[in-house]
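Q: Take this structure first; my questions come after.
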Amino acid sequence: MISENLPPTGRTFYLESVAHLKTIGLGIEYFPGFFQEHTEFHTHEFVEFLFVLKGTIQHVTGDHSYDESAGRVAIINYNQFHGFKTSTGIADLMNIYWNPGKYPMPELPEPLSTQLNKLIPAHPMLGHRLNRIVRLQLKNPEETNRLLQMLLREQNKEDPGSKAAIDALFRLLLIKICRAASIVPEEDVEEFNPRMEKIRLYLEKNFTESIRLEHLCELTGLKESNLCRQFKKYTGLSIGNYLKQRRLATAMQQLRTTNNKILEICYNCGFPDITHFNHTFRMAIGETPSDYRKRFDPAKDHKI
C-alpha cells in the first residue's frame, strides 16, 4: 500500500515511481539539485533508501538530527516519522521505495542474507528501536551511484527485459549495502549499553535454542527486574519479544527461500511446537506460515 505521505520535496513524485511501487513493490526517484530550507515531516508504510549522491542534507527524525553527506545511505524502515532539509546548498539525492511484502527480499549468500535481515525487517511488526533508521557509509560510492542510475533508466524506459534487469541490479545494490560500514551517531554512542549489547548479541547467536532468563542474569551480573528493564530501554522490546521477532524473521526467510517443511522451519527457528509457531506467526504477520509461503511462490510444494 502506498502512503498518502510520500516525500514532500517540492517536486512531483514521478509517475514511474508510483506505478512501479504499486505494481511490483519497488520504485526509484531522482532529485538533482534538491533544495529545501524547512523540514517537512512524513511517514510511509514501505522502506525508503535515501542515497546522497552529492552535497549534504540534514536528516531529522522524531528525536534526532543527522547530517547525511555524499557516499552515505539512510535506510528508513516502515512507519518512521522523518524529514530532511538542505543547510549548506543544493544536494543530489536518489530515493528507492521498497515494499518487501510485494517485492520479496532477494536471496543473498551468507553472511549477507543475515545482515540484510538485521538492516531491514521483513515485516513492519519486526522493527525495534535499533533498526528504525539505519545509516551506512558506502565502500565505493561511485559504483553505487552508477548502479542507481542504471536502475532509474530501467524503470523509466521499460525496454524488453527491464524487470529482469531491475531484479539483478537491485540484488547487487543490496549486496553493496550489506557490505557497507555502519555509522553510529554520537547520540547512540551515549546510549550504548555494553551489558545489553552483550545480551542482544547472545540472543542473535542462540535464538534457535531455549533461553533461560537466569542464564542471562549470570552473563550480566544483574537481577531479573533490572536486566529486563535495561534491555527494554536499550532495544524498545522485552527480551521475550526480541527473541520472538528474531525467530519470526528467520522463519519468514526460510519460508520464502527454501522447500523445507513448515514443521522443520518451526523447530529450526527455536519454536517449541507447530501450534505455538502457527499462532505466533499469524498474530504477528496476519497470516499463517503456509499462506505467507504461497504469496511468494504459489507453485511451491507446500509441505506441512
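Q: In the stretch 123-148, how many residues are of a type in the set (S, T, N, Q) and without any contact (Cβ under 8 Å) to a residue 60 or more places away in the chain?
A: Taking the stretch 123-148 and keeping what is of a type in the set (S, T, N, Q), we get 131, 137, 140, 144-145.
Still in the list and also without any contact (Cβ under 8 Å) to a residue 60 or more places away in the chain: 131, 140.
Final tally of qualifying residues: 2.
Q: Would you point out the residue of the stretch 86-117, among those that are of a type in the set (Phe, Trp, Tyr) and out of contact with any helix residue (DSSP H, G or I) (no Cβ under 7 Å at 6 or more places or on another chain), that is surrounded by the fewest Cβ atoms within 10 Å (Cβ to Cβ)? Spell out the reasoning first.
A: Filtering the stretch 86-117 for residues of a type in the set (Phe, Trp, Tyr) gives 97-98, 103.
Next, only the ones that are out of contact with any helix residue (DSSP H, G or I) (no Cβ under 7 Å at 6 or more places or on another chain) stay: 98, 103.
Numbers: Trp98: 21, Tyr103: 19.
So, considering only residues that are of a type in the set (Phe, Trp, Tyr) and out of contact with any helix residue (DSSP H, G or I) (no Cβ under 7 Å at 6 or more places or on another chain), the one surrounded by the fewest Cβ atoms within 10 Å (Cβ to Cβ) is Tyr103.
Each row is one residue, and each column tells you yes or no for (1) of a type outside the set (D, E, K, R); (2) more than 19 Å from Gly127 (Cβ to Cβ).
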residue	(1), (2)
Leu243	yes, no
Gln253	yes, no
Arg256	no, no
Lys261	no, yes
Asn268	yes, yes
Thr275	yes, yes
Tyr292	yes, no
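Q: Hey, another quick one. Scan the stretch 25-61 for residues that are assigned to a strand (DSSP E or B) and within 19 Å of the chain's Cα centre (by Cα) and report the count.
A: Of all residues in the stretch 25-61, those assigned to a strand (DSSP E or B) come to 26-34, 42, 47-54, 56-61.
Remaining after also requiring within 19 Å of the chain's Cα centre (by Cα): 26-29, 42, 47-52, 59-61.
Number satisfying all stated conditions: 14.
Q: Continuing with this model, one more query. Would you pick out the residues in the stretch 254-279 that are part of a helix (DSSP H, G or I), surrounded by fewer than 21 Cβ atoms within 10 Å (Cβ to Cβ) and modelled with pLDDT under 95?
A: If the condition is that a residue be part of a helix (DSSP H, G or I), surrounded by fewer than 21 Cβ atoms within 10 Å (Cβ to Cβ) and modelled with pLDDT under 95, then Gln254, Arg256, Thr257 are the ones that fit.
The values are calculated or read from the model by the stated rules, or taken from the named source; none is laboratory data. This one's a predicted model, so the numbers in the text were calculated from it and none came from an experiment. Neighbour counts are summed over all protein chains in view; Cβ atoms, including those assigned to glycine, are modelled from backbone coordinates with ideal geometry.
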